[in-house]
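To keep things clear, I will list the structure first and then write my remarks on it.
The values are calculated or read from the model by the stated rules, or taken from the named source; none is laboratory data. Quantities reported herein were computed from a predicted structural model and do not represent experimental measurements. Quick reminder, even Gly has a Cβ in these numbers, built from the backbone with ideal geometry, and neighbours come from all protein chains shown. The accessibility values were calculated without ligands, DNA or RNA, using every heavy atom of the protein model including side chains. Shrake-Rupley method; radii C 1.70, N 1.55, O 1.52, S 1.80 Å.
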Amino acid sequence: MKILIIGSGGREHAIAWKLSQSRKVTRIFIAPGNAGTSQTGINADLDPENFEALRAFVIEKGIGMVVVGPEAPLVGGITDFFANDPVLNHVDVIGPSKSGAMLEGSKQFAKEFMLRNNIPTAKFGSFVPGEIEKAVDFLKQGRPPYVLKADGLAGGKGVLIIDNLPEAEAELAGMFAGKFGSAGRRVVIEEFLGGIELSVIVITDGSDYKILPVAKDYKREGEGDTGLNTGGMGAVSPVPFADENFLGKVEERIIIPTIEGLKREGEKYRGFIFFGLMSVKGDPFVIEYNARLGDPEAEVILPRVKSDLYDLFVGVAKGELASVNLEVDERPAATVMLVSGGYPGSYETGKVIRGLDSCRDSILFHAGTRDSEGRIVTSGGRVIAVTSFGDTIDEALQLSYRNAGLIDFYGKRLRRDIGFDLK
Ligand code: AMP
Ligand code: GLY
């Protein structure tokens, strides 16, 4: 089987790395990929949102399965594009249709879906620019901190958490005025949930599902969870407080109602569902859905999956997931992200990365890297995820930090306290 993976980050490198271990996978293409994926498969310089170009490539190479990494092509309807094309509809696409991806593509849609299906989540109101007075009234009825969310995709930047009312009102006006683009003109205002976050991801064929190893990512740029939000500075799996009792609640109150709700609403959801959860005094609430694997969660989850990922994908595509076994490595895994100086603000790229070959016993997943005249250089904010196993999370982290120290590029930065809140 020839497979095309769409995307260019650490998540896509992890998917490529894992699929390359399957004897049933003959060739892996990654569009557009990075300097790491080019060691695992063949990069194709194609835009993930240019469906026509992807179509031509899939036909030319005889590709039988497409795995969609990031959200934008899913929300843009890539799965429907393939399904509705008589030449492409035999190609299996791992990722939901446009309507299924609305769980991620519209916060309002997600909140209403949860309301309909009795899934625990923060109380909310949803407003468009013409409703500013109603929106301000809603804010006034609430308590600080105020949570404001742009409705549409905003690349992880569309959520504001604000401590006082005047500032919240000002930000609300800014969002209505288009601060987060047109998809952000609708604003969801939410009750603030205090607790500890974690990521639970399932893979589903629309009727059966498998719960992947649970992970926790560290989104803030600074140690102690301070500073701006990033794409993710590191992750660990498993999450010690997510014990059997807690995960039982997650499955019963959140996963099953979500799968059943999608089914009842006629959605044939085939792919990953990411539940961004808050544990509030031991009770799980949904903060957000994503229609894909998380990044950097994928960099700790996929190494812990012992089963053949290709078999799981075939199960998803054929609606036969129940017959595929999910075997998980008991050992904890951790990943530490090396990022460019300045990230998540502006940063320089094109910096030569040294020391990759000196690393031992970790897996290096490339994110923002590219090949340049025989050298590997930086090309993004998140550069390399250093993943390790250990007998404990701490041991895994120590190994990642040791190897992270051997890698060097101008401006390299990392968080030194991944996992700090789990001790
Ligand atoms: P999201 O993009 O929806 O994941 O939101 C980004 C981050 O904002 C989340 O990872 C949480 O840390 C925080 N957040 C979002 N919604 C809430 C909420 N209702 N209460 C507390 N924190 C939240
Ligand atoms: N790490 C969170 C995400 O992928 O959205």
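Let me confirm something: among Arg270, Arg186, which residue is of a type in the set (Lys, Arg), closer than 19 Å to Ser106 by Cα and within 16 Å of ligand 1 (Cβ to nearest atom)? After ruling out the rest, the residue left standing is Arg186. Looking at Lys268, Lys263, just one residue is among the basic types (Lys, Arg) and assigned to a loop (DSSP other than H, G, I, E, B), and that residue is Lys268.
Residues in the range 187-202 that are open to solvent by less than 10 Å² (accessible area, probe 1.4 Å) and within 15 Å of ligand 2 (Cβ to nearest atom): Leu198, Ser199, Val200, Ile201, Val202.
Could you look through the range 346-371, keep only residues that are touching a strand residue (DSSP E or B) at 6+ places or on another chain (Cβ under 8 Å) and free of Cβ contacts under 8 Å to residues at least 40 places away in the same chain, and pick out the one that is surrounded by the most Cβ atoms within 10 Å (Cβ to Cβ)? That would be Thr349. Each residue in the range 154-168 was checked for being in a helix (DSSP H, G or I) and either surrounded by fewer than 17 Cβ atoms within 10 Å (Cβ to Cβ) or within 21 Å of the chain's Cα centre (by Cα) (or both), and 3 pass. Given the condition open to solvent by 10 Å² or more (accessible area, probe 1.4 Å), within 16 Å of ligand 1 (Cβ to nearest atom) and in contact (Cβ under 8 Å) with a residue 12 or more places away in the chain, answer yes or no: does some residue in the range 336-345 qualify? Yes; the residues of the range 336-345 include at least one that is open to solvent by 10 Å² or more (accessible area, probe 1.4 Å), within 16 Å of ligand 1 (Cβ to nearest atom) and in contact (Cβ under 8 Å) with a residue 12 or more places away in the chain. Could you list, in sequence order, the residues of the range 275-305 that are near ligand 1 (Cβ under 10 Å from one of its atoms) and of a type in the set (Phe, Trp, Tyr)? Phe285, Tyr289 - these are the residues of the range 275-305 that are near ligand 1 (Cβ under 10 Å from one of its atoms) and of a type in the set (Phe, Trp, Tyr). Within the range 62-109, being assigned to a loop (DSSP other than H, G, I, E, B), within 16 Å of ligand 1 (Cβ to nearest atom) and open to solvent by 20 Å² or more (accessible area, probe 1.4 Å) holds for one residue alone: Pro70.
One residue stands out among those in the range 169-183 that are modelled with pLDDT of 90 or more and either within 13 Å of ligand 1 (Cβ to nearest atom) or open to solvent by 20 Å² or more (accessible area, probe 1.4 Å) (or both): the one that is farthest from Val136 (Cα to Cα), which is Ala177. May I ask you to verify whether Ala298 is within 15 Å of ligand 2 (Cβ to nearest atom) and either of a type in the set (Gly, Ala, Ser) or open to solvent by 30 Å² or more (accessible area, probe 1.4 Å) (or both)? Yes, satisfied.
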